[in-house]
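What follows is calculated from the coordinates using simple rules that are stated; it is not laboratory data. All values derive from a computational prediction rather than experimental measurement. Glycine gets a Cβ as well: all are built from the backbone with ideal geometry, and neighbour counts include every protein chain shown.
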There are 2 protein chains.
Amino acid sequence: MDHAVTKPHEQLAMHLAPRMAEVNTLIRDRMASRHAPRIPEVTAHLVEAGGKRLRPMLTLAAADLCGYAGPFDVHLAATVEFIHTATLLHDDVVDESAQRRGRPSANLLWDNKSSVLVGDYLFSRSFQLMVETGSLRVLDILANASATIAEGEVLQLSASRDLRTDEATYLQVIRGKTAALFSAATEVGGVLAGAPEAQVDALRTYGDALGIAFQMADDLLDYQGDSTATGKNVGDDFRERKLTLPAIKAVARADGDERAFWSRVIEKGDQREDDLAQARALLEKHAALEHARADALAWAGTARAALAQLPAHPVRGMLEELADYVVARIS
Amino acid sequence: MDHAVTKPHEQLAMHLAPRMAEVNTLIRDRMASRHAPRIPEVTAHLVEAGGKRLRPMLTLAAADLCGYAGPFDVHLAATVEFIHTATLLHDDVVDESAQRRGRPSANLLWDNKSSVLVGDYLFSRSFQLMVETGSLRVLDILANASATIAEGEVLQLSASRDLRTDEATYLQVIRGKTAALFSAATEVGGVLAGAPEAQVDALRTYGDALGIAFQMADDLLDYQGDSTATGKNVGDDFRERKLTLPAIKAVARADGDERAFWSRVIEKGDQREDDLAQARALLEKHAALEHARADALAWAGTARAALAQLPAHPVRGMLEELADYVVARIS
């Protein structure tokens, strides 16, 4: 096997394959509901869709790296995947105004009500799984992560269309959106293994920084990428009036006319045909993409550096490469 | 003070007033979000609205009855109120079809997205509060209650408009909707107090049966009550095509024509001007309200009987009266 052409998450997947098979079995088992047999119909699509399963792999990897031999790494890996799936379902809920603006309902995977309630079901299942570990510290970490996720989502509602949103607020939003669960996923692996505090801290820092780098790269690709690489269309965030890091940097450097432009397209939502091109020109003018790229690379560096606290182990190398990989898409 | 004219929940409120004041302070404190200051705006309306606060009182009462002197009864009382409020917010989410049928958006307290995300925030806050008690058994009880609540809600989506829904399914739905949280609220009070198992069992049974009786009475009033007593319009469930106990009993006894009627109004949703009157006539014909009332009274009796296991204490008398009170509305 040539590691040079195997992506880091694929290396992790191969290394962790036997445990991931157990995670998948547990997920299927716990999705099922005796009383509401429709639930797996709704969730199977999301859970089975063959995503990278990055979050559960992070938990298994962290536990493995710290010498844990099971069984509860499997429970916590399923826990984080359930939480992730539940947040996807809840993100899928649209409000009336979005529908009025003509979002075709065929875009929706399920109706709002099912998305909310099945998401709640998955949250409750994840809660049962984590209680089974019997670790109050694990529960504390996941409770705090849940609060950060929910706060970040609410914050995004108010902040994303507000030009006063600064980089600190953006960081809080993406911690909620991505980094809090990455960070909890790695930290609980170390806690389960009874790793020394310095290692647990390092795992938390790794997950946090990896998640931030990952989300920054994603937000950057929304302005610079091509759709084949990202699976989403360039300009989606712009069209949805979501103020992400590149635009925040350009707004901070904007003159009066530019500010009026951003206010019109983001705050007022009055977008015209050439506005995306104009937005990209302004990012270019202020080197906003380069600065955002530098930030993402710095966070990937923080993630990589944190791993120095952890034992020498094949998994450590894979996690290092993973940190590079999440920003390789933008380099 | 004349207890004969004081309602049982008011007696409980008076007895528990100092602890409830602490619960209210804790609720206000934990609603606040440093990162998303809009959250209390959204929740204050619901939490401060001056509901009866029945669920947190049940937790305080159960703990008090079993000799617990604090402090975590306050945390768990706030926990159950947060869970209750979160489920109300998530219930408020409507799907596209409901809006297409012309539900005026002025009826909605908040948009769908805020309801979902702020509900998630309250769930995560409740999760943090319960972790603070340090009791894995409490966490286990509340995790299982969460799963029952979520399953019941999903089950209701598929069952409520399906004439094949029987009384066992109805019971499962109302356990999710009401009884699971009542039952967890009382049980965790006993667990916190370190009460003997027989008492903990009795508290769980009391909460479960009380919740079932309460919800059955509510569903019955939807067909027989007047709006002043219930605060909701007679026939709401019928118009929303929600198959509740009275209608389930009438459907079970329906002849061919009657079945066609129920199929048209509930399954197909084709309702005409005199259909509610016709439905009430069919309930009358099959004595469905009397049977439903007898069921509710039997559950209230189960609740009352369970209390025999518990210590003699002024609170025990109040809880007994509460069991009678929830069905007094329909007697």
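Compute the long axis of helix B:288-306 from its Cα atoms, compare it with the longest principal axis of the Cα atoms of chain B, and write down the angle in degrees, 0 to 90, nearest 10.
20
Across all directions of projection, what mean area in square nanometres is found for the Cα convex hull of the protein assembly as shown?
31.7
Nearest 0.05, what FRET efficiency do residue B:305 and residue B:140 give at R0 = 25 Å with Cβ-Cβ as r?
According to the calculation, E is roughly 0.45.
What's the angle, to the nearest 10 degrees (0 to 90), between helix A:180-192's Cα axis and the longest principal axis of chain A?
20
Have a look at A:81, A:41, A:151 and tell me which one the Gaussian network model of chain A (Cα, springs below 10 Å) gives the largest fluctuation.
Looking only at A:81, A:41, A:151, the biggest GNM fluctuation is shown by A:41.
Output the pairs from A:113/B:268; B:242/B:285; A:177/A:285; B:52/B:177; B:7/B:249; B:177/B:242 with a Cα-Cα distance over 23 Å in this structure; if there are none, say none.
A:177/A:285; B:7/B:249
Residues in region A:125-166 near a label at residue A:259, defined as backbone nitrogen under 12 Å from the 7 Å Cα→Cβ point?
Only A:163-164 fall inside the zone, counting backbone N under 12 Å.
Under a 10 Å cutoff between Cα atoms, tell me which one of A:312, A:150, A:300 has the largest fluctuation in the Gaussian network model of chain A.
With Cα springs under 10 Å in chain A, the top fluctuation among A:312, A:150, A:300 is at A:312.
Calculated from DSSP H runs of 4 or more alone, at -39500 (n - 2.57) each and per residue, what is the 222 nm mean residue ellipticity of chain B, nearest 500?
Theoretical 222 nm ellipticity from helices: -22000 deg cm²/dmol.
Per-residue mean of other chain beta-carbon atoms within 10 angstrom of the beta-carbon, peptide B:129-138?
For peptide B:129-138, the averaged partner shielding equals 3.
Need one value for B:140-150: mean number of C-beta atoms belonging to other chains within 10 Å of its residues' C-beta atoms.
Other-chain Cβ atoms within 10 Å of each residue's Cβ, averaged: 6.
Relative to the first principal axis of the alpha-carbon coordinates of chain A, what is the inclination of helix A:38-47, with its axis defined by its Cα atoms, in degrees from 0 to 90 and to the nearest 10?
80
Among rounded, prolate and oblate, which fits chain A when a ≥ b ≥ c are the square roots of the eigenvalues of its C-alpha gyration tensor, a/c under 1.5 means rounded, and a/b larger than b/c means prolate?
It comes out oblate by the Cα gyration axes.
Which whole number gives the average, over all residues in A:80-93, of C-beta atoms from other chains lying within 10 Å of the residue C-beta?
2
Distances from residue B:224 to the same residue in each other copy, label points 7 Å out along Cα→Cβ, in nm, shortest first?
So the label point of residue B:224 gives 7.2 nm to the other copies.
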